[in-house]
1. What shape does the stretch 119-163 have by the C-alpha gyration tensor, where a ≥ b ≥ c are the square roots of the eigenvalues, rounded means a/c under 1.5, and otherwise prolate means a/b greater than b/c and oblate the rest?
2. Find how much the distance from residue 141 to residue 156 grows on full extension, using 0.36 nm per residue of separation minus their present alpha carbon separation; answer in nm with one decimal.
3. Please report the relative contact order for the stretch 51-212, taking Cα pairs under 8 Å with a sequence separation of at least 6, and give it as a percent rounded to a whole number.
4. When the label point is put 7 Å from the Cα of residue 101 along its Cα-to-beta-carbon vector, which residues of the stretch 63-79 have a backbone N closer than 16 Å?
5. What order, most packed first, do the peptides 168-175, 149-156, 72-79 have when packing is the mean number of other Cβ atoms within 10 Å of each residue?
6. Using 0.36 nm per residue of separation minus the Cα-Cα distance, give me the extension gain between residue 133 and residue 92 in nm, one decimal.
7. Label residue 50 and residue 225 with points 7 Å out from Cα along Cα→Cβ: what is the distance between them in nm?
8. With N set to the residue count of the stretch 51-212, report its C-alpha Rg divided by 2.2 N^0.38 Å to two decimal places.
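A short reminder: the numbers here are calculations on the coordinates, not readings from a lab. Nothing here was measured: the structure is a model prediction, and the numbers come from that model. Every residue, glycine among them, receives a Cβ derived from its backbone with ideal geometry; neighbour counts consider all protein chains shown.
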């Protein structure tokens, strides 16, 4: 899994590295890229329109605040959230079983996250640190705390959203993210996929690894124009 992550990093979402003879600018400047053409023409490429997981976490009565929502944790079945806490995933329909679909997918097809946009209803929610765990069936445990307030800045015109471009994580069945939730809070967490596996490709003699080569959009039109043109500009300077 570590090698998988490092190889994905070689084709960074931000650098526009060359892949299969194409430069980042040639891919991102073509309308062919937005029509599914890249996925069909370039082997093992993650379609740029298929790169997000949007979690919606809500806290209502009988929750009292401070309950912890669990994201992913594919090896735990069934996964039961605290009373008053619901977790859904928009890309899989947003219904009651949408989170379970993502959890099942992580068991057979692990993926790499690179980037998180985090929307809250009240800025005090940012003070609640995430706990990220990797649990092995043999009893091994790795745990990290991720603090959203590290990304809060007075220069941000919208105090209810942060964009952590360096949020990196390999998600498999052993991975869980625990998010403390304030009462009557609605959270939206949008994870960007950098790479994923598709074991179906092994049936056709292909690598199961799929890499994202398009730039991760910032949401700022001027910033995105600069980001997409960066590879071409570097070539002119060299």
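1. prolate
2. Here the segment from residue 141 to residue 156 would lengthen by 1.8 nm.
3. Working: 367 pairs, mean separation 58.7, N = 162.
It rounds to 36 percent for the stretch 51-212.
4. 72
5. Details: 168-175: 20.0, 149-156: 10.5, 72-79: 16.2.
So the peptides 168-175, 149-156, 72-79, ranked by packing, come out 168-175, 72-79, 149-156.
6. Details: separation 41, 0.36 × 41 = 14.76 nm, distance 2.40 nm.
The residue 133-residue 92 span can extend by a further 12.4 nm.
7. 3.1 nm
8. Working: Rg = 16.1 Å, N = 162, 2.2 N^0.38 = 15.2 Å.
Here the answer is 1.06, to two decimals.
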